[in-house]
1. So which aspartates and glutamates pass the test for Lys319, namely a Cα distance under 19 Å, with those fewer than 8 places away in the same chain ruled out?
2. Could you give me the ³J(HN,Hα) list for the range 227-235, computed from phi with Karplus coefficients 6.51, -1.76, 1.60 and θ = phi - 60°, whole Hz, x at Gly and Pro?
3. In the structure shown, do any of Lys89/Lys236; Lys115/Lys249; Lys56/Lys100; Lys56/Lys422; Lys100/Lys248 have a Cα-Cα gap over 31 Å, and if so which?
4. Sort the following peptides by mean Cβ neighbour count (other Cβ atoms within 10 Å, averaged over residues), highest first: 282-293, 343-354, 29-40.
5. Per residue, how large is the accessible surface of the chain? Use a 1.4 angstrom probe and give square angstrom.
6. Given all pairs of different Cα atoms, what value in angstroms does the Kirkwood hydrodynamic radius of the range 191-312 take?
7. Can you pull the semi-axes for the range 312-447, root of five times each eigenvalue of the Cα gyration tensor, sorted largest first, whole Å?
8. Report the label-to-label distance for Arg232 and Lys422 in nanometres (one decimal), using points 7 Å from each Cα along the Cα→Cβ vector.
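The values are calculated or read from the model by the stated rules, or taken from the named source; none is laboratory data. This structure is a prediction, so every number in the text was calculated from the model and none was measured. Using ideal geometry, Cβ is built from the backbone for each residue, glycine included, and neighbour counts are taken over all protein chains shown. For the accessible areas, the whole protein counts, side chains as well, though only heavy atoms, and no ligand, DNA or RNA atoms are used. Shrake-Rupley method; radii C 1.70, N 1.55, O 1.52, S 1.80 Å.
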Amino acid sequence: MNKILIANRGEIAVRIIRACRELGIKTVAVFSTIDRDALHCRLADESYCIGSPPSKHSYLSIPQLMSVAAVSGSDAIHPGYGFLAENHKFARVCEQYQIKFIGPTSKHIKQLGDKLTAKQLAKNEGVPLLSGSDEPLHTFEEAQAAAKKIGYPLIIKAAAGGGGRGMRIVRSAKHLQENFLTAQREAETFFGNAQVFIEKFLTSPRHVEIQLVADEFGNAIHLGERDCSIQRRHQKIIEESPCPTITKKIRTQLGNAALKIARSVKYISLGTVEFLLDRDNSFYFIEMNTRIQVEHPITELVTGIDLVKEQIRIACGEKIDLKGSNFQPRGHAIECRINAEDAITFAPNPGRVHDFHLPSGPGIRIDSMLVKDCYIPPDYDSMIAKLIAYGNNREEALNRMRRALQEMQVNGIKTNINFHLKVIDHPTFRKGDISTNFIDELLSTSK
Ligand code: MV4
């Protein structure tokens with residue numbers, strides 16, 4: 001592989017360019033008109049404008065991306081996360097044009113991207129699932145019959161949904177109809193697929209995910225878990241690895257369950273298998289992500305493996321190193337997503353960053369696209385940096401995170417840095433005694 005086109009922007013485009021540089025591979029950046037001075041354009045060997053700021057006219061435009069790939073002579077495309085990263089049609093177009101899509105095959109993306117087909121695969125492999133409707137529900141009557149079997153509270157999910165979009169929690173039969181019809185309508189408008197299904201809703205689980213690495217020779221390993229329970233409106237805010245309550249035994253069980261799913265489809269590339277982990281350590285498969293994830297650096301810190309380089313090497317047809325087959329983490333890593341947002345309303349707060357200071361020192365890593373006077377446009381995600389702290393244990397990692405959050409300064413836009421400080425010093429969070437409800441509880445008690 002000589003040249004990779006990065007079909008993305010922001011910190012992940014920068015992260016991918018860094019991996020390519022270390023591997024001696026040339027890079028091609030693409031940008032919308034609002035991003036012409038962005039860091040990813042400065043760092044890449046070449047850069048091309050692909051359209052106007054709205055994503056669908058630029059970063060989501062398959063014809064524009066394929067044209068740049070052809071003109072620049074790129075051998076491969078790295079999609080990053082978001083945008084086209086889990087679009088099986090885009091992966092298919094790359095396959096047809098013989099441009100390597102750095103990720104799994106279009107067939108894997110299609111199979112595993114649909115939550116219902118992914119759950120069916122898991123079920124066939126004996127991986128535990130929550131009780132739910134195994135088939136898509138077409139009418140309210142079908143939903144009613146399924147709800148009767150499953151009981152309340154329940155959750156309605158879109159088969160094609162992701163990242164919590166299109167989900168609705170229903171606490172009693174009285175609210176089933178309105179929620180079912182809204183969920184169906186939203187699934188159609190957001191994902192172009194009206195298929196929805198019902199699952200038993202777990203009220204205070206942890207959200208944990210297993211990192212997988214698999215090559216085209218049938219080798220697959222897991223690299224332990226990330227605890228992603230700290231979310232607001234299904235946006236992750238803080239992630240950590242390892243999960244503070246998971247034992248070696250549970251880690252091995254989760255890892256093996258994730259590997260069964262991957263092996264059943266001869267999965268290739270990086271992948272993340274999401275589970276809900278209940279108080280009694282029972283766990284349930286919920287979905288799989290077929291891309292590099294935002295929170296991948298915490299796994300890099302506790303494993304010493306550069307996941308993006310590994311992903312590129314696998315796409316080049318190389319074998320993975322099997323030494324990680326009975327993986328246990330070393331130390332502890334935490335990531336805080338720094339967003340350009342209003343502290344009270346959480347609304348995005350785009351604008352120009354006049355000046356900033358990024359923390360450094362022992363155990364601190366920052367993945368960011370900030371440069372002097374850079375502009376954070378309103379058109380894309382509001383994340384401006386990932387602040388990642390590593391320590392020999394959780395306490396050291398958290399104390400380093402606190403110190404780094406205190407050092408960090410961003411002038412010109414509002415950020416959630418102070419919100420992070422509150423969370424990481426909250427007694428419940430310090431104890432590691434968290435669940436998916438933590439943020440909602442924190443916000444309702446601090447009002
Ligand atoms: C659930 C759940 C409880 N029960 N499914 C959210 C993101 C998506 N990937 C899966 N998610 C969840 N699915 C069932 N059957 C809880 C979550 C969830 C969550 C729910 C409400 C508030 C915060 C949450 C944080 C993480 C996961």
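1. Result set, ordered by chain and number: Glu22, Asp215, Glu216, Glu300, Asp306, Glu310.
2. 8, 10, 6, 7, 10, 10, 6, 6, 9
3. Long pairs (Cα-Cα over 31 Å): Lys56/Lys422; Lys100/Lys248.
4. Packing order, densest peptide first, comes out as 282-293, 29-40, 343-354.
5. Working: 18910 Å² over 447 residues.
That works out to 42 Å² for each residue.
6. Hydrodynamic radius (Kirkwood, Cα only) of the range 191-312 equals 15.1 Å.
7. 28, 23, 16
8. 0.8 nm
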